[in-house]
Amino acid sequence: MNTAGHTDVHGLDLIPFRGVRYDSERVGSLAAVTSPPYDVIVRPDGLLELESADPHNIVRLILPQATTPAARNRQAADTLHDWLAEGILAPDPIPALYVYEQRNGDILQRGIIGALRLSEAADGIVLPHEDVMPHVVEDRAALMRATAANLEPLLLTYPGGASTDGAAAAIERATHHKPLLSTTTEDGFSHRLWAVTDPAEIAEIQSDLAHHQALIADGHHRWATNLRVRAEHASPGPWDFGLVLLVDTARYPLRVRAIHRYLHRLPVADALAALADSFRVRTLECSLSEALAALGDAAAESNAFLLAGDGSYHLVDRPDPDLLARTVPHSRPEAWRTLDATVLHSTLLDHVWQVPDTPEHIAYIHHTEATVEKAEREGGTAVLMHPVREEVVRDLARQGVTMPQKSTSFGPKPATGLVLRDLAF
């Protein structure tokens, strides 16, 4: 593992690594062995679909299935070892930075995958914008310890500005060459990957990135996991770095979507009854797309949520100001206090509905239709959210203010399984 880096930089320190990739001749197709990030796979049928797509699908590493957490992690480690021994997965011959492209219609995203030196939020180099859940960090840390690998990259963004040299130039040059891999996943996105191995080009990229700070767009729990596991190992070493995809949002703006909540044990009728005196509630007899449009209109004027699960959509907005004053902490900036996610957690979940923020009570789901279907099937309440603007997220992060967990979903997210980082190489 190449751990040489620029330890004196005050910005991003990205180094090449020997990417571990699937041998395309040993698997059915590259698309069939990829998966969305681990936390996007929330439905059992989604997990089974990925497992059945190919016996070597990456989901067997990121979400191994066994009866206990310890058994799951051992299984993932054994599977990774077996696939490497069999040549299903193989390390590239020399360290590289990887240019990664995703395209779907008019959506085009390009960035650089590498091993990024880990840093604390107080260092101001990598800015988190969401809180994390300790039980998730511990779960991911146990998997990382067992496999000694970064199985999927975090998505980080930085505003590169108008410069046409440095990382931007290196990305552009790479795309004129034949890619290492090219595949199209079932969601319609095409994926291409190129290796940058020339020392001069790598130095050009590193010099550029050393002047930037990044925002964690997706992967807060994995970043916190990296930091936790780093603290358990001697430095310097491979544990000082984590696998990331860096995207210049000045060139390739990300889309920001909401992450919805599903309340397992709260029926819609009970949820609505508790809101009678503190929010305006309107029942909408319309399609989901029309209801989401109404949510967007309402969210432009006040905090707003869309409840579903009983066959209808219920628009909840205009919270009682006195209730907000009593339930939302005053110690945070105004921009944080007025976030929908803040009002949902501080006012609705903690105070009005009294729903504990534990996996037994709340599921966090990226897919809108899946959240509604789950609520209607199981009898709980889907709470649909309106997305936060990226500039709000970045402004809060620069102030050192973190949003409630699972407040945003940036995308497109990198496909898991195209390149891994095994810390043994």
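A few comments on the model shown:
- Ordering LEU61, GLY87, VAL99 by Cα displacement along the dipole of segment 60-105 toward the positive end leaves LEU61 in first place; charges were set at the Cβ atoms of Lys, Arg (+1) and Asp, Glu (-1).
- Ellipticity estimate at 222 nm from DSSP helix runs (n ≥ 4, -39,500 (n - 2.57)) divided over the chain, nearest 500: -8500 deg cm²/dmol
- By the Cα gyration tensor, the chain has an equivalent ellipsoid whose semi-axes, rounded to whole angstrom, run 37, 24, 20 from largest to smallest.
- Label-point gap, in nm, between HIS177 and THR283 - each point 7 angstrom along Cα→Cβ: 6.3 nm
- Listed peptides 235-244, 73-82, 218-227, 293-302 by packing density, highest first (mean Cβ within 10 Å): 218-227, 235-244, 73-82, 293-302
- Spin-label pair ARG265-ARG377: with each label point 7 Å from Cα along the Cα-Cβ axis, the two points sit 2.2 nm from one another.
- Comparing ALA66, ALA214, ALA53 in a Gaussian network model of the chain where C-alpha atoms under 10 Å apart are linked, the largest mean-square fluctuation is found at ALA66.
- The distance between label points at THR358 and GLN399 comes to 3.3 nm (points 7 Å beyond Cα on the Cα→Cβ vector).
- For SER35, the solvent-accessible surface computed with a 1.4 Å probe is close to 10 Å², ligands and nucleic acids excluded.
- With a Förster radius of 45 Å applied to the C-beta separation of ARG326 and ALA231, the computed FRET efficiency comes to 0.70.
- Prolate/oblate/rounded call for segment 136-260, Cα gyration tensor, a/c under 1.5 rounded: prolate
- Cα shape, segment 35-152, gyration tensor, a/c 1.5 rule: rounded
- Each of THR197, ASN303, LEU418 was placed along the dipole of the chain (beta-carbon charges, centred on the mean Cα), and the one lying farthest toward the positive end is THR197.
- Of the residues THR327, ALA224, THR371, the one whose Cα sits farthest towards the positive end of the charge dipole of the chain is ALA224 (charges of +1 on Lys and Arg Cβ, -1 on Asp and Glu Cβ, taken about the Cα centre).
- Placing +1 on the Cβ of every Lys and Arg and -1 on the Cβ of every Asp and Glu, with nothing else charged, gives the chain a dipole about its Cα centre of roughly 380 debye.
- Using the average count of surrounding beta-carbon atoms within 10 Å as a protection proxy, the listed peptides 23-34, 104-115, 320-331, 411-422 rank, highest first, as 411-422, 104-115, 23-34, 320-331.
- Residues of the chain: accessible area per residue with a 1.4 Å probe, Å²: 42 Å²
- Rolling a 1.4 angstrom probe over the chain with all protein chains present gives an accessible area of which 51% lies on carbon and sulfur atoms.
The values are calculated or read from the model by the stated rules, or taken from the named source; none is laboratory data. Note that this is a predicted model, so its numbers are computed, not measured. Methodologically, a virtual Cβ is constructed for each residue, glycine included, from the backbone with ideal geometry; neighbour enumeration extends over all protein chains shown. In case anyone asks, the SASA skips ligands and DNA or RNA and just uses the protein heavy atoms, side chains included. Shrake-Rupley method; radii C 1.70, N 1.55, O 1.52, S 1.80 Å.
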